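Rule-based calculations on the coordinates, nothing more; no lab input. Note that the structure is predicted; figures quoted are calculated from it, not measured. With ideal geometry, Cβ positions are generated from the backbone for all residues, glycine too; neighbour counts draw on all protein chains shown.
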Amino acid sequence: MSLAIRPPFKLASRVHKNVGQAFDGGLVVLISIIGAGRVGSVSAFNILRMRIADVTLVDVQEGLAEGEALDLIQSSPAIEFDGKINGTTKISDIEGSELVILAAGVARKPGMSRSELLERNGSIVSTLVDEIVRYAPACKIMMVTNPVDVMTYLAYSKSGFERNRVFGMGGILDTLRYRSYIALELNVSREDIRALVIGEHGDQMIPLVDYTTIAGIPVRKLLDEAAINRIVERTRTSGSDVISLKGGTVYAPAAVIAVMAEAILRGRNRVLAAPVVPNGEYGLKHLAIGLPIILGKDGVEKIIELPLDDATQSHLMESAKVIYSGIEKLGLASGSP
Ligand code: NAI
């Protein structure tokens with residue numbers, strides 16, 4: 001018996017043809033991950049554990065993706081995954097993907113900002129987006145490579161895809177960190193903290209304190225302003241804190257990449273924050289920036305427009321300016337935010 005999961009919606013693309021290295025069954029739907037480094041490979045493992053789709057891992061480094069795929073195949077009896085797992089250097093193997101997760105490129109070193117990666121990763125992403133359009137023209141693209149807001153806009157501009165099909169992973173990760181620190185402060189379950197972090201996935205991120213609740217209880221009823229400010233500050237530096245200790249962030253990004261993939265492949269309409277391309281929402285255009293969205297089978301189903309107080313709205317504009325300067329550096333500017 002195969003574990004075939006047939007999604008309750010029409011597939012955008014043809015059933016993929018990859019034979020892969022597993023048996024000739026498969027879950028019908030394919031997710032490709034380009035970049036089989038730390039984040040790409042652990043994301044693949046999470047996607048398999050959640051039995052969301054078959055997975056193809058692609059990496060330029062000879063043997064790396066194949067090795068990761070082999071290791072994953074050997075884990076699959078324990079995690080009860082019967083789908084296909086393919087590791088390859090051939091980008092054409094992404095053919096038929098419903099979702100392509102782009103996690104290829106250079107990662108931050110201790111002390112580096114995300115924007116320092118701009119030009120190097122810009123050129124890698126630019127080439128890869130051309131290949132994605134060529135081999136998986138009906139897919140959705142989830143950008144992971146940093147600086148993720150600028151790279152998401154680059155992928156949107158280069159691909160010519162509709163804006164619902166190109167988004168990044170950023171705000172949901174910042175939210176996870178923010179939730180973890182609130183839970184720690186209150187000594188309650190992390191699951192019960194509900195929140196959104198919008199804006200740049202970087203120093204200019206904006207945890208929305210007004211929209212933060214603990215099982216529906218506004219956070220300000222349980223924490224004073226000083227404690228909230230401390231948590232907000234800790235959230236801002238949380239990525240760099242991990243990088244300075246272990247050289248890179250892996251488990252948290254890889255966990256939310258799988259959550260986002262599941263939202264799309266199972267059409268779950270999850271409400272979360274992610275870098276997306278606004279067309280006038282929040283007074284923003286010509287960039288990608290973290291905003292609250294509904295993520296479902298068509299990708300970005302909707303950008304949720306929330307009323308923001310003046311200070312938060314002007315912080316969002318400051319955040320947009322930082323992203324916009326990156327977009328300008330890549331020669332992609334087509335207006336002001
Ligand atoms: P890594 O260095 O472990 O892996 C990157 C992989 O990309 C390497 O295996 C490399 O061979 C591959 N690669 C480079 N050029 C390629 C190409 N043209 N085609 C295919 N593969 C290619 O890095 P890690 O830690 O996995 O991070 C990957 C990216 O994700 C970085 O840019 C990092 O900054 C970003 N990142 C973003 C996060 C977010 O919240 N959006 C969180 C964590 C990482």
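A few points about this structure:
- Simple spin-label estimate for Glu191 and Leu70 in nanometres, 7 Å along Cα-Cβ: 3.9 nm
- GNM flexibility winner over the chain from Leu128, Leu30, Leu57 (Cα, springs under 10 Å): Leu128
- The chain, dipole about Cα centre (Lys/Arg Cβ +1, Asp/Glu Cβ -1), debye to the nearest 20: 360 debye
- Taking a sphere under 10 Å around the Cβ of Ser41 and counting the other residues whose Cβ falls inside, with K and R at +1 and D and E at -1, yields a net charge of -2.
- Rel. contact order, % - alpha carbon contacts under 8 angstrom, at least six apart, the stretch 121-173: 42 percent
- Remark: relative contact order (the chain) = 17 percent; criterion is Cα-Cα distance under 8 angstrom and separation of 6 or more residues.
- Relative packing of 265-271, 65-71, which averages over residues the other C-beta atoms within 10 Å, highest first: 65-71, 265-271
- Placing +1 on the Cβ of every Lys and Arg and -1 on the Cβ of every Asp and Glu, with nothing else charged, gives the stretch 181-266 a dipole about its Cα centre of roughly 160 debye.
- Top positive-direction residue, dipole computed over the stretch 211-298 with Cβ charges, set Ala288, Val219, Ala254: Ala254
- For the stretch 99-141 versus the stretch 256-304, the spacing of their alpha-carbon centroids is 18 Å.
- Zone residues, the stretch 203-219, relative to Asp309, backbone N less than 11 Å from point 7 Å out along Cα-to-Cβ: 209-211
- Positive minus negative residues near Asp310 (Lys, Arg vs Asp, Glu; Cβ under 15 Å): -3
- Restraint check, Lys221/Lys321; Lys158/Lys329; Lys285/Lys321; Lys84/Lys140; Lys140/Lys246, Cα-Cα greater than 23 Å: Lys221/Lys321; Lys140/Lys246
- Theoretical ellipticity at 222 nm over the chain - DSSP helices of four or more residues, -39500 (n - 2.57) apiece, nearest 500: -13000 deg cm²/dmol
- Among Arg163, Arg120, Arg179, the largest mean-square fluctuation in a Gaussian network model of the chain (Cα springs under 10 Å) belongs to Arg120.
- Selection from Thr145, Val242, Gly202, by position along the positive dipole direction of the chain (Cβ): Thr145
- Placing unit charges on the Cβ atoms only, positive for Lys and Arg and negative for Asp and Glu, gives the stretch 207-332 a dipole magnitude near 440 debye about its Cα centre.
- Paired Rg and Dmax values of the chain, which use every Cα atom, in angstrom: 19.3, 58
- Percentage relative contact order, the stretch 156-295, counting C-alpha pairs under 8 Å, at least six apart: 30 percent
- Hz values of 3J(HN,Hα) by residue in the stretch 84-97 - Karplus curve (6.51, -1.76, 1.60), Gly and Pro given as x: 8, 10, 10, x, 7, 9, 8, 5, 5, 5, 7, 3, x, 5
- Summed residue charge, Cβ within 10 Å of Ile206's Cβ, Lys/Arg positive, Asp/Glu negative: -2
- Top of Gly37, Gly290, Gly160 by mean-square fluctuation, Gaussian network on the chain, Cα under 10 Å: Gly160
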